[in-house]
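Q: Pasting in a structure now, in structure tokens, and then I'll have a few things to ask.
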Amino acid sequence: MQKKFNIRKGDTVLVLSGEYKGQQGKVLEMKTKSDRALVEGINLVSKHTKPNAKNPQGGIVKKEAPIHVSNLMLVDPATGKPTRVGKKRTEAGKLVRYSKKTGEEIK
């Protein structure tokens, strides 16, 4: 069974703890098996690469590393502020995420 998270690919999130605390970024990928997310510009690591077709020079490349979802909080697209996330059913019977702060649906 697949795990359910309040954060999805494409969401803007705020980092709650660690070296990048207070910074925001867009979720590039969710790694559900390890409860981690890849966030644009967050948790950058230096990776040493050999010369290849994509990078003929080789050298050191800065790359995002996964960060645990417990250290992330969804940013409400309507207000631009961090919010907790709830789930509720619409009249059509579809389960949707909503902002606990504003009560608005998160797309």
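Q: Quick one: how many residues across region 35-64 are of a type outside the set (D, E, K, R) and more than 30 Å from residue 78 (Cα to Cα)?
A: 14
Q: Select from region 55-79 the residues that are open to solvent by less than 40 Å² (accessible area, probe 1.4 Å) and either touching a Leu at 6+ places or on another chain (Cβ under 6 Å) or in a loop (DSSP other than H, G, I, E, B) (or both) and write down the one among them that is farthest from residue 16 (Cα to Cα).
A: Among those residues, the one meeting the criterion is 58.
Q: Consider residue 37 carefully, then state whether it is out of contact with any strand residue (DSSP E or B) (no Cβ under 9 Å at 6 or more places or on another chain) and hydrophobic (A, V, I, L, M, F, W, C).
A: Criteria not met by residue 37.
Q: Under the condition of being open to solvent by 80 Å² or more (accessible area, probe 1.4 Å) and within 17 Å of residue 7 (Cβ to Cβ), which residue from region 80-90 is farthest from the chain's Cα centre (by Cα)? Outline the logic, then answer.
A: Taking region 80-90 first, the residues open to solvent by 80 Å² or more (accessible area, probe 1.4 Å) are 81, 84, 87-89.
Now restrict to residues that are within 17 Å of residue 7 (Cβ to Cβ): 81, 84, 87.
Values: 81: 15, 84: 14, 87: 18 Å.
Result: 87.
Q: Another one. In region 14-38, how many residues are open to solvent by less than 40 Å² (accessible area, probe 1.4 Å) and more than 10 Å from residue 69 (Cα to Cα)?
A: Total satisfying the criteria: 4.
Q: Here's a follow-up. Could you list, in sequence order, the residues of region 59-79 that are among the β-branched types (Val, Ile, Thr) and over 12 Å from the mean Cα position of the chain (by Cα)?
A: Initially, region 59-79 is screened for residues among the β-branched types (Val, Ile, Thr), giving 60-61, 67, 69, 75, 79.
Correct list: 60, 61, 79.
The values are calculated or read from the model by the stated rules, or taken from the named source; none is laboratory data. Quick caveat, the model's predicted, so the values are computed rather than measured. Note: ideal-geometry Cβ built from the backbone for every residue, glycine included; neighbour counts use all protein chains shown. Only protein heavy atoms, including side chains, enter the accessible area calculation; ligands, DNA and RNA are left aside. Shrake-Rupley method; radii C 1.70, N 1.55, O 1.52, S 1.80 Å.
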